[in-house]
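Student: One structure is given below, represented as structure tokens, and several questions about it will come after.
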Amino acid sequence: MRQPLVAGNWKMNGSRDSINDLLDGILAGIDSVEKAEVAVCAPYVYLSQVADKLSGSAVAWGSQNVNDNESGAFTGEIAASMLKDFGCKYVIVGHSERRTIYGETDADVTRRFMATQAGGFIPILCVGELLEEREAGTTNEVVARQLDAVINEAGIAAIGNCVIAYEPVWAIGTGKVATPEQAQEVHAMIRSKLAGLDADVAAKVQILYGGSMKPDNAKELIGMEDIDGGLIGGASLKAEDFLGICTAAN
Ligand code: PEP
């Protein structure tokens, strides 16, 4: 039985004060979330604050990316060893905003995925198609290509120690949520592809849905057979909404 996971992706949002209030709100309601694991992925500069506030609580935390080099002349980048200082559990890799705005390729994402695991963290590997790819009927191909890039380098066993987030790019931050059936179809494709390589890995890996998930659509989405939780952008910035999704995951 896979435990549901609800992870917030705060993206480039927040301030010291707003994060303090948001975490207070989440901690005040977290006891009502009995079954799901909950995590928040914060901007790097707030990881110290998040770690201080959440350590000893039921909420895990992580970063939104990592560089694949150990150290050196990579201005503006963050190494896995640095994340270790802040007790991160998760690292998001391959988010569509990194792929589309900052040009991270499948190969870049794979290196970052491997650096995440080498650093002792769990990657949340994001995959998903653009609107034009869905309209062209290539969703499965695109998602399979993104997964294969990682599997071919890191090996199928590495997938057993990660979380996959299926995030149709057209549903991210747009309010256009995939229907539970649309999402389930891709999740099932991912799981059956993995099952063809390693049945145990396929059975245990958590596959989250991401893309305009809100308290009022979370239950139906997470209720689908192969949807094991959510990666939440906008709705993770309000404690009430985020907790609403976490409770739905129960
Ligand atoms: C995301 O950025 O991963 C995401 C799912 O965003 P939103 O929930 O705002 O669509």
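The values are calculated or read from the model by the stated rules, or taken from the named source; none is laboratory data. What you see is a predicted model, and the numbers here were worked out from it, not measured in a lab. Positions of Cβ are generated from backbone atoms using ideal geometry, with glycine treated the same way; all protein chains shown enter the neighbour counts. Accessible surface is based on the protein model in full, side chains and every heavy atom, while ligands, DNA and RNA are left aside. Shrake-Rupley method; radii C 1.70, N 1.55, O 1.52, S 1.80 Å.
Student: Which of the numbered conditions does Ala188 fail, given that it passes all the others? Conditions: (1) of a type in the set (A, V, I, L, M); (2) closer than 23 Å to Lys11 by Cβ; (3) more than 15 Å from the ligand (Cβ to nearest atom).
Tutor: (2)
Student: Among Thr116, Thr105, which is the only one that is open to solvent by 50 Å² or more (accessible area, probe 1.4 Å), closer than 23 Å to Ile207 by Cα and of a type in the set (Val, Ile, Thr)?
Tutor: Working: Thr116 fails: open to solvent by 50 Å² or more (accessible area, probe 1.4 Å).
Criteria check complete, one pass: Thr105.
Student: To continue, here is another question. If you go through segment 29-71, how many residues are part of a helix (DSSP H, G or I), of a type in the set (D, E, K, R) and in contact with a helix residue (DSSP H, G or I) (Cβ under 8 Å, 6 or more places away or on another chain)?
Tutor: First, pick out the residues of segment 29-71 that are part of a helix (DSSP H, G or I): 29-32, 44-54.
Next, only the ones that are of a type in the set (D, E, K, R) stay: 31, 52-53.
Checking the rest, the ones that are also in contact with a helix residue (DSSP H, G or I) (Cβ under 8 Å, 6 or more places away or on another chain) come to 53.
Residues in segment 29-71 being part of a helix (DSSP H, G or I), of a type in the set (D, E, K, R) and in contact with a helix residue (DSSP H, G or I) (Cβ under 8 Å, 6 or more places away or on another chain): 1 in total.
Student: Read through the list (1) touching a helix residue (DSSP H, G or I) at 6+ places or on another chain (Cβ under 8 Å); (2) within 16 Å of the ligand (Cβ to nearest atom); (3) in a loop (DSSP other than H, G, I, E, B), then give the number of the only condition that Gln146 fails.
Tutor: Going through the list (1) touching a helix residue (DSSP H, G or I) at 6+ places or on another chain (Cβ under 8 Å); (2) within 16 Å of the ligand (Cβ to nearest atom); (3) in a loop (DSSP other than H, G, I, E, B), Gln146 breaks only (3).
Student: Check off (1) touching a residue at least 24 places away in the same chain (Cβ under 8 Å); (2) of a type in the set (Gly, Ala, Ser); (3) open to solvent by 70 Å² or more (accessible area, probe 1.4 Å) for Ala51 and give me the number that stays unchecked.
Tutor: Exception for Ala51: condition (3).
Student: Within segment 134-178, count every residue that is at negative phi, free of Cβ contacts under 8 Å to residues at least 24 places away in the same chain and open to solvent by less than 60 Å² (accessible area, probe 1.4 Å).
Tutor: Summing the residues that are at negative phi, free of Cβ contacts under 8 Å to residues at least 24 places away in the same chain and open to solvent by less than 60 Å² (accessible area, probe 1.4 Å) in segment 134-178 gives 3.
Student: Just name the residue that is farthest from the ligand (Cβ to nearest atom) out of those in segment 218-242 that are over 19 Å from Gly25 (Cα atoms) and open to solvent by 30 Å² or more (accessible area, probe 1.4 Å).
Tutor: Glu225
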